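Colleague: Before I ask anything, let me first share the structure, which is written out below as structure tokens.
Each value in this text was obtained by applying a stated rule to the coordinates, not by laboratory testing. It should be emphasised that the depicted structure is a prediction, and the values quoted were computed from it without experimental measurement. Please note: Cβ atoms are built from the backbone with ideal geometry, for glycine as well, and neighbour counts cover all protein chains shown.
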Amino acid sequence: MASAQVFNITLPALPEGWSADKDFKAVGSVSAATQRNLEPVGPHFLAHARRKRHQRTFSEDERIQAQQNVKKTEEDEDDEISEPEDPMMLSRDAKDWKAQDHYAVLGLSKYRWRATPEQIKRAHRKKVLRHHPDKKAAMGQTDENDNFFKCIQKATELLLDPVRRRQFDSVDEAADVEPPTKKEAAKGNFYKLWSKAFVAEGRFSKKQPVPTLGNEDSTKEEVEGFYDFWYNFDSWRTFEYLDEDVPDDNENRDQKRHVEKKNANARRKRKTEDNTRLRHMIDECLANDERIKKFRQQARAGKDKKRLEKEAEAKRLAEEKEKARVEEEQRKKEAEETAKADREKTKKAKEAAKNAAKKNKRVLKGAVKEVNYFVEGGDASAGQVDAVLGDVELLMSKIDHEELAALAESLTAAGKDGAAVKAAYAAQAKQLVEAGKLKEGELKTFA
Amino acid sequence: MSDESNSVPAEAPERFAIGISFGNSSSSIARISPEGKAEVIANEEGDRQIPSVLSYIEGEEYHGTQAKAQLIRNPKNTVAYFRDYLGKNYKSIDATPCHQSAHPVQVDSTVAFSIRDTASEDVNTVTVSEITTRHLRRLKQSAADFIGKEVNAAVITVPTDFHDAQREALIAAAKEAGIEVLQLIHEPVAAVMAYDARPEATVADKLVVVADLGGTRSDVAVIACRGGMYTILATAHDYELGGASLDQIIIDHFAKEFIKKHKVDPRENERGLAKLKLEGEATRKALSLGTNASLSIESLTDGIDFSSTINRTRYELLSSKVFAQFTDLIQQVIKKAELDVLDIDEVIFSGGASHTPKIAHLARNIFPEKTAILAPSTLITALNPSELAARGAAVQASLIQEFDKEDIEQSIHPMVTATPHLRNAIGVQFVSGEDVDFQPLLNAETALPARRTAQYSVPKAGGSVFVRVCEGVREIKVTKPEPKPKAEKASDAEEDDSDFDSDEDEEEEIRETVWKTDKAIAELAVKDVKAGGKVELMVHVNSDLGLQITVREVGGQSAVRGAVESPKPTEN
């Protein structure tokens, strides 16, 4: 709403006596607003949204929009498509359109396959403005056949048709970049020269973007990716543009078929040749690529390192094993020796115990003998002696070494006191009965 | 490296957007032609209104008119009227429209249809979103075939009562069909856009009633257009009123005629009813164009052929009740918006049933003379009502096609759309002697911030003038006609043909709008204006209701500037 509405209503004259500072007086304020949802459609809403989002005022927004519009028109005029026109080209015969360089005709030689359809349209317009037959006539230059104008039309028509443009691009030799020779590449600009060749070749790739050659610092993955891509190159390059014209008269069918067949063969042959050429080119680049050598060396160095590491590891393992074995042997030997010593010790102890037992037994038997087999006065009868000794034997067979020793001790202490000896025996017998080793009443004499 | 591979690869997926109006009974697709005009695309059968119907026979999919014809022979495998079921709970749907096509069934609380959509005998359950996807895919294909370019984005219109779940379901279904939904816009707003996008249209402040009379439902909305921005003030819906209600009248009429002749009710036979329905619809459409229309059906029922005619007067008499419902709905929505018919500047008729001349004529009688009734029968330059929504969507699609997804989302965010709107009009008060007149500059319901500029004349002799900016309220003045009709006062210079003297019945009272000055806001003085000069007033209202007012003489150097503070929150 930049434009003002015009009302045919007359404003009242200033009332007498009205005055205010700077002729303005605020006397009230607007009533509260209602909150509603705007419908987010239409150009005016979009302008509103733009203002609100960027927090611009009306005038700011207008200014920014105006600036943007100006910029756009400037860009249009910016890239002048002006190349000097070759007089040879101007005098070309339009009939020979196949041989013309369509890009040069439109003044796009520096863009070639990079030219956008937009650029082509603009270039065409520019050329037409300059070379239109009406203009030529007005300037007094007469070209009967309007040859160059026709050339322009032909070039535009071809370049604006994507399929036909590709056909032309396929055989556009001016866009080809020859791969550098070994000598050139050896001078140190290997990457620069080869990249150019590959970029030019990459325009035929169905897969875009095409990986770049990189430089000496590229990683192994990048380099491998690059060569992988090129060895599996998928090209749309065709050679239909070089076809011989097929006679379109219906008179000679055979001739037509013959030419068609010939064309197809030629195309196939060229395609194969092109593939071989590309293959050779990649081979050559690969052969001279310093990075490949570098990577190989690195790989070899890496491999050697690995081998040494492996050997060291094996040696270490063997040593460890040997050490463990020796240790084990040592341990075994020691164990054996201790076992042997132990055995001897127990044997000695056993014998000692045996001797002690014998001695004790003798004490036991001696003790009863000392006290005259518990007979008071006179010699003991043979029967008594037998009974007492029999009991002593029975007792001895039932008690163990410790009890035996203790008994022997108490007997020695008792000496020749018959009662004490008997008491000692009786105590022992009682112990045995309590332990359940003897039955009560079995030892008659010690009861 | 194959030899015959010179075909140009598909371009990087560039966005190409169309406008789709996805209706319950029919859909339309539109695009912006290279000349910059919105045009509705015909599908391969030449239809611009493509019935939203899908039908399956032996695994083959039929769409549009062909599918609709299958409603007679193959109703069980024909899906129609499914738009309103999308994103809805099975419990909340009204299945009556689907009485004569595949019935909706419940699947996990959503709606589905059991149809044989493959060559095998098995019955498949196809959800409504899948059906929508298939429908949209066909629409997309038709558009792509017509344009010759892949279509991958669209602006789709939805009714104003579409809730979030339905919107999400529609976006998901469209995505499944390979369509990126740039935006969903409301049908009535799309209709207004279609008119406003015409090159001859000017940006004006107006109140518009959009009556969208569809096949099975009618929606009416009141929209305020202020400086090219639209705000919906009120909506009203009638889910039973639509073209189908009118078809029913025709069906009943012919059925009675048939019964009189043959003593059989064709409506009792399912196939007979379907045939009557299909032909009845065609007859109704024909009656919108001509004054006579015929109907002929082979083997309507019991092998009896039927042929008859009906004239428009008869039809209008029969349907007067239904027509009254349409006009009632319009009046109802105006009431809901707290407005009067006198406030309405335009009535846009949209949707298929709007072709009916009588409805537009009835509306003509409701509204005052100054109100433009945009329907084919009342205005020759009116656009095709069936195409409005699709055209509006196409216009919007062309506007936002270049935007990033994020940009669009930000722009339609409630942060941006929720805006304060003026409650009362702001204008200038004119006092000449006893008369106090008010000239609105910013109308009520203008979205803020807003800026308006106007030029006023000064007294012939020149000199100092006084500008009093104030709020105004519109009042309806009712005057009983006097024997001698008094001179009409031009109530509004902006709409200078606002006097309505044509329908002056003796008994009828005259109603007119009158502006009353409400609250003064600011006073300014412009000193020593040249004789015959003009004064330009610019009022800028901020979103916080603060005002900047500038007055200057046109061509003059100095200007009177001033600001009015925004009201304190406690006030009012």
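Colleague: Given points 7 Å out from each Cα along the Cα-Cβ axis, report the B:GLN66 to B:GLN141 separation in nanometres with one decimal.
Modeller: 0.9
Colleague: Can you tell me the 0 to 90 degree angle between the C-alpha axis of helix B:270-289 and the longest principal axis of chain B, rounded to 10?
Modeller: Between helix and principal axis, roughly 40 degrees.
Colleague: Going down the table (A:LYS110/A:LYS261; A:LYS110/A:LYS207; A:LYS269/A:LYS293), which pairs top 28 Å between alpha carbons?
Modeller: A:LYS110/A:LYS261; A:LYS269/A:LYS293
Colleague: Roughly how many debye, to the nearest 20, is the charge dipole of the stretch B:17-178 about its Cα centre, given +1 on each Lys and Arg Cβ, -1 on each Asp and Glu Cβ, and no other charges?
Modeller: 260
Colleague: Could I ask something else about it? By how many nm would the segment from B:ASN311 to B:GLU45 grow when fully extended, if each residue of separation counts as 0.36 nm and the alpha-carbon distance is taken off?
Modeller: Here the answer is 92.8 nm.
Colleague: Rounded, prolate or oblate for the stretch B:148-224? Axes are the square roots of the Cα gyration tensor eigenvalues, ordered a ≥ b ≥ c, and the cut-off for rounded is a/c under 1.5.
Modeller: Taking the square roots of the gyration eigenvalues as a ≥ b ≥ c, the stretch B:148-224 is oblate.
Colleague: Could you give the longest part of chain B that holds none of the trypsin sites (Lys or Arg not before Pro) found in DSSP loops with at most 11 neighbouring Cβ atoms within 10 Å?
Modeller: The answer is B:1-262.
Colleague: I need the GluC sites (Glu not before Pro) found in the stretch B:180-253, filtered to DSSP loop residues with at most 11 other beta carbons within 10 Å of theirs.
Modeller: Sites meeting the loop and neighbour criteria: B:GLU200.
Colleague: For Cα pairs less than 8 Å apart in space and 6+ apart in sequence, what is the mean separation divided by the residue count of chain A, i.e. the relative contact order in percent?
Modeller: 7
Colleague: Only Lys, Arg, Asp and Glu count, each charged at its Cβ (+1, +1, -1, -1), so figure out the dipole size of the protein assembly as shown about its Cα centre, rounded to 20 debye.
Modeller: The dipole of the protein assembly as shown has a size of about 4700 debye.
Colleague: As a test of the formula, what do you get for chain B when each DSSP H run with n ≥ 4 contributes -39,500 (n - 2.57) and the sum is divided by the residue count, at 222 nm and rounded to the nearest 500 deg cm²/dmol?
Modeller: -8000 deg cm²/dmol
Colleague: Sticking with the crude label model, points 7 Å out along Cα→Cβ, report the distance from A:LYS430 to B:HIS361 in nm, one decimal please.
Modeller: 14.7
Colleague: Compute the long axis of helix B:320-336 from its Cα atoms, compare it with the longest principal axis of the Cα atoms of chain B, and write down the angle in degrees, 0 to 90, nearest 10.
Modeller: Rounded to the nearest ten degrees, it is 40.
Colleague: Given an 8 Å cut-off on Cα distances and at least 6 residues of separation, report the relative contact order of the stretch A:182-288 as a percent.
Modeller: Over the stretch A:182-288, the number comes to 23 percent.
Colleague: Under a GNM of chain A (C-alpha, springs under 10 Å), which listed residue has the highest mean-square fluctuation: A:ALA414, A:ALA13, A:ALA335?
Modeller: Checking each option, the largest mean-square fluctuation is seen for A:ALA13.
Colleague: Within the stretch B:363-421, report the GluC sites (Glu not before Pro) that DSSP leaves as loop and that have at most 11 other Cβ atoms within 10 Å.
Modeller: Taking the stretch B:363-421 and a limit of 11 other Cβ atoms within 10 Å, the loop GluC sites (Glu not before Pro) found are B:GLU402.
Colleague: Once you have the Cα-Cα distance between A:LYS256 and A:ARG343, take 0.36 nm times their residue separation minus that, and quote the gain in nm to one decimal.
Modeller: Full-extension gain reported as 19.6 nm.
Colleague: Taking chain A as the reference, fit the longest principal axis to its C-alpha atoms, fit the long axis of helix A:401-414 to the helix C-alpha atoms, and give the angle between the two in degrees, 0 to 90, nearest 10.
Modeller: For helix A:401-414, the angle is close to 30 degrees.
Colleague: Another question, then. Would you mind checking B:LYS149/B:LYS175; B:LYS206/B:LYS516; A:LYS25/B:LYS336; B:LYS275/B:LYS321 for any pair whose Cα atoms are more than 30 angstrom apart?
Modeller: A:LYS25/B:LYS336
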